[in-house]
Amino acid sequence: MIKGVGHIGIAVSNIEEILSSLSKILGISPPPIRDVPERKLKVSVVSIGGMGLEIIEDYSGEGQFAKFVRERGNAIHHICLLTDQIEADIELLKSRGIEMADPKPKIGVRGKKIAFAAPSALNGITLELSEP
C-alpha cells in the first residue's frame, strides 16, 4: 500500500556544487556523498521536513541519469512513493493501465526494493516505488 512521498530525485551534473548551494540555502552542513562505483553514481540525500531530496550524479557518461542531464540539465528526475507492499502495488498500477519500466522490483542504491514506472505515467516525470 502506498504510504506517501519518500523523496524527490534530482539528477545533476555536479553533486558537490549542488550540495554546497543547497546547504547554504538551508543553513545546514553538506550531507555525505555516497559513491556507488558499480553503477557509476554519486548519491546524497538532504532531509527536509520528513522528506528527502535525493541528489544524483551519474559519472558514467552513458547512464540514464547522465543522458537525462544532457537533455534537460539539472532537473527533477523522479518522485518516489513509499510502499510497504511493492509487488502488490506494481500489480495494482499495471491493472490501472500504468506501464512499468520495472515490472518486478530491483534493489536500488540504498539497498531497498524499488521499481520505476515508465515516464509516460506522469507525462515525462518518472515515478518510483520504494520500500521505506
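Readers should treat all values here as calculations from the given coordinates under stated rules, not as data from a laboratory. As the structure is a prediction and not an experimental result, all values here were calculated from the model. Here the Cβ is made from the backbone with ideal geometry for all residues, glycine too, and neighbour counts use every protein chain on show.
Fewest-first ordering of LYS67, LYS3 by other beta carbons within 10 Å of each residue's beta carbon gives LYS3, LYS67.
Do you know the relative contact order of the chain, to the nearest whole percent, from alpha carbon pairs under 8 angstrom that are 6+ apart?
Reported relative contact order: 27 percent.
Checked against a 19 Å cut-off, the cross-linked pairs LYS3/LYS24; LYS40/LYS104; LYS3/LYS112; LYS42/LYS67; LYS3/LYS67 give Cα-Cα distances beyond that limit for LYS3/LYS24; LYS40/LYS104; LYS3/LYS67. Taking amide H as placed 1.01 Å from N in the peptide plane, the amide H of MET100 sits under 5 Å from that of ALA118, each at least 5 places away or on another chain. Electrostatic tally near SER20: other residues with Cβ closer than 14 Å to its Cβ, Lys and Arg +1, Asp and Glu -1, net -1.
Working note: Karplus 6.51/-1.76/1.60 with θ = phi - 60° gives the range 110-122 the couplings 9, x, 10, 5, 9, 7, 9, 7, 5, x, 5, 4, 10 Hz, where Gly and Pro are set to x. Karplus-derived 3J(HN,Hα) values for the range 36-46, using 6.51 cos²θ - 1.76 cosθ + 1.60 with θ = phi - 60°, are 10, x, 5, 10, 6, 10, 10, 9, 8, 10, 9 Hz; glycine and proline are entered as x. A helix-only calculation puts the chain at -7000 deg cm²/dmol for mean residue ellipticity at 222 nm, using -39500 (n - 2.57) for each DSSP H run of at least four residues, averaged over all residues. Listed options for Cα extents along the principal axes in Å are (1) 43, 32, 27; (2) 37, 33, 29; (3) 39, 38, 25. The value calculated from this structure is the one marked (1).
By other beta-carbon atoms within 10 Å, ranking ASP58, ASP102 with the fewest at the front produces ASP102, ASP58. Between TYR59 and ARG110, the contour length at 0.36 nm per residue exceeds the alpha carbon distance by 16.6 nm. Counting only Cβ charges, +1 for Lys and Arg and -1 for Asp and Glu, the dipole size of the range 2-130 around its Cα centre is about 80 debye.
For the range 17-61, the square roots a ≥ b ≥ c of the C-alpha gyration tensor eigenvalues yield an a/c of 1.5 or more together with a/b exceeding b/c, which makes the shape prolate.
Relative to the first principal axis of the alpha-carbon coordinates of the chain, what is the inclination of helix 86-95, with its axis defined by its Cα atoms, in degrees from 0 to 90 and to the nearest 10? Tilt of helix 86-95: around 60 degrees. Taking Cα atoms only, the orientation of helix 15-26 departs from the longest principal axis of the chain by about 80 degrees. Computed from backbone phi, the HN-Hα couplings of the range 126-132 come to 7, 10, 10, 9, 8, 5, x Hz, rounded to whole numbers (Karplus: 6.51 cos²θ - 1.76 cosθ + 1.60, θ = phi - 60°; Gly and Pro given as x). Determine the sum of side-chain charges near LYS94: Lys and Arg each +1, Asp and Glu each -1, restricted to other residues whose C-beta is under 13 angstrom from that of LYS94. Value of the local net charge: -3. Extension gain, ARG39-LYS94: 0.36 nm per intervening residue step, less the Cα-Cα distance, totals 17.1 nm.
Where both bridge residues fall in the chain, DSSP classifies roughly 70% of the beta bridges as antiparallel.
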